[in-house]
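Beneath this line is the structure, given in structure tokens, with notes to follow.
The values are calculated or read from the model by the stated rules, or taken from the named source; none is laboratory data. Everything numeric here is computed off the predicted structure, so don't read it as measured data. Please note: Cβ atoms are built from the backbone with ideal geometry, for glycine as well, and neighbour counts cover all protein chains shown.
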Amino acid sequence: MRKKIVAGNWKMNTTVPEGLELAKAVAAKSAETPANVGLIVATPFTHLAAVAEVLKGSKVELAAQNCADHASGAYTGEVSAAMLKSVGCKWTILGHSERRQYYGETDAKLVEKTKLALAEGLDVILCVGENLDEREAGRHFDVVTEQTENVLLQFSAEDMKHIVIAYEPVWAIGTGKTASSDQAEEIHACIRGILAKHFGAQVAEDTTILYGGSCKPSNAKELFAQKDIDGGLIGGASLKADDFIAIAQSY
């Protein structure tokens, strides 16, 4: 049975002291969530080492929000997968829509990042999703298929054991809009179909696919009830421990 996951992406929010307080609250409340639901927090780079200490002994796992596309070297300002692993990260998010939109990340670059992350023993949350223009043009299935295939076809069925996919309807992120549960489900089902086509039915059945578009306590239960939605990549609601835990309790 594929794993259910609720992952919090803090983005560029909280100072280190604020982040430590948030992490402490999430860790303290994590025991109140269902045993079969994994919890992840993705903090800014500056917080990772300190938050790793706070999370010890809890069920909450630590993620970075990105990693470099090089293993090491003269790349000022970058943070490598090995560095992330060394401070206690279990996961990294790759290909978030904001990275694609504001920093020009391409599918080819995401292939390199994913290879490096997996080589260091990190698990990956790979984000895919269409923007408003693409949705209104009826290209949402094409865009998601292209993004998914461009990256994942470079990897094996064995690699897929360490990759989670997050579907982000970009038009619903930070806008207050939310894809309906039916809209979300049809894209999740499409992604699972892509996996079945290229990797076989077992990989498709085993791969966790998260919903990443303005998921909050008020809509999580309806979204998570869908057949192919296995949890959420949570933005704003992950900055309040009670909301984040409430989303996990929706299961």
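Structure values in brief
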{"read-out": "Ala179 under 16 Å from the mean Cα position of the chain (by Cα), under 29 Å from Trp10 (Cβ atoms) and buried (at least 22 other Cβ atoms within 10 Å of the Cβ)", "value": "no"}
{"read-out": "Subset of segment 235-251 [at pLDDT 95 or above and within 19 Å of Ala31 (Cβ to Cβ)]", "value": "Ser238, Lys240, Ala241, Asp242, Asp243, Phe244, Ile245, Ala246, Ile247, Ala248, Gln249, Ser250"}
{"read-out": "Among the residues listed as Leu55, Leu110, the single one being closer than 19 Å to Leu22 by Cα, in contact with a Leu (Cβ under 8 Å, 6 or more places away or on another chain) and either without any contact (Cβ under 8 Å) to a residue 12 or more places away in the chain or surrounded by 14 or more Cβ atoms within 10 Å (Cβ to Cβ) (or both)", "value": "Leu55"}
{"read-out": "Residues of segment 125-147 that turn out to be within 25 Å of Asp206 (Cβ to Cβ), surrounded by fewer than 21 Cβ atoms within 10 Å (Cβ to Cβ) and not acidic (Asp, Glu), as a count", "value": "3"}
{"read-out": "Residue match in segment 107-127 (condition: closer than 21 Å to Ala7 by Cβ, touching an Asp or Glu at 6+ places or on another chain (Cβ under 7 Å) and β-branched (Val, Ile, Thr))", "value": "no"}
{"read-out": "Residue match in segment 74-82 (condition: touching a strand residue (DSSP E or B) at 6+ places or on another chain (Cβ under 7 Å), crowded, with 17+ Cβ neighbours inside 10 Å and of a type in the set (S, T, N, Q))", "value": "no"}
{"read-out": "Identity of the residue in segment 148-159, surrounded by fewer than 21 Cβ atoms within 10 Å (Cβ to Cβ) and either modelled with pLDDT under 95 or of a type in the set (A, V, I, L, M, F, W, C) (or both), that ends up farthest from Arg100 (Cα to Cα)", "value": "Ala157"}
{"read-out": "Residues of segment 204-218 that turn out to be buried (at least 20 other Cβ atoms within 10 Å of the Cβ), modelled with pLDDT of 95 or more and either more than 20 Å from Asp182 (Cβ to Cβ) or not β-branched (Val, Ile, Thr) (or both), as a count", "value": "4"}
{"read-out": "Tally of residues being surrounded by fewer than 20 Cβ atoms within 10 Å (Cβ to Cβ) and among the hydroxyl-bearing types (Ser, Thr, Tyr) across segment 83-105", "value": "3"}
{"read-out": "Failed item, numbered, when Gly8 is tested on (1) of a type outside the set (Phe, Trp, Tyr); (2) in contact with a Ser or Thr (Cβ under 8 Å, 6 or more places away or on another chain); (3) farther than 20 Å from Glu98 by Cα; (4) outside any loop (DSSP other than H, G, I, E, B)", "value": "(3)"}
{"read-out": "Pick from segment 120-146, criterion out of contact with any helix residue (DSSP H, G or I) (no Cβ under 7 Å at 6 or more places or on another chain) and of a type in the set (A, V, I, L, M), ranking: modelled with the highest pLDDT", "value": "Ile125"}
{"read-out": "Residue match in segment 29-49 (condition: closer than 23 Å to Glu120 by Cα, assigned to a helix (DSSP H, G or I) and aliphatic (A, V, I, L, M))", "value": "yes"}
{"read-out": "Ile209 being over 19 Å from Ala42 (Cα atoms), in contact with a strand residue (DSSP E or B) (Cβ under 7 Å, 6 or more places away or on another chain) and not acidic (Asp, Glu)", "value": "no"}
{"read-out": "Residues of segment 233-250 that turn out to be within 14 Å of Asn219 (Cβ to Cβ), assigned to a loop (DSSP other than H, G, I, E, B) and more than 14 Å from the chain's Cα centre (by Cα), as a count", "value": "1"}
{"read-out": "Residues within segment 7-35 that are exposed (fewer than 15 other Cβ atoms within 10 Å of the Cβ) and either under 18 Å from Cys215 (Cβ atoms) or modelled with pLDDT under 95 (or both), tallied", "value": "1"}
{"read-out": "Test: residue in segment 154-167 that is touching a strand residue (DSSP E or B) at 6+ places or on another chain (Cβ under 7 Å), within 21 Å of Ala63 (Cβ to Cβ) and of a type in the set (D, E, K, R)", "value": "no"}
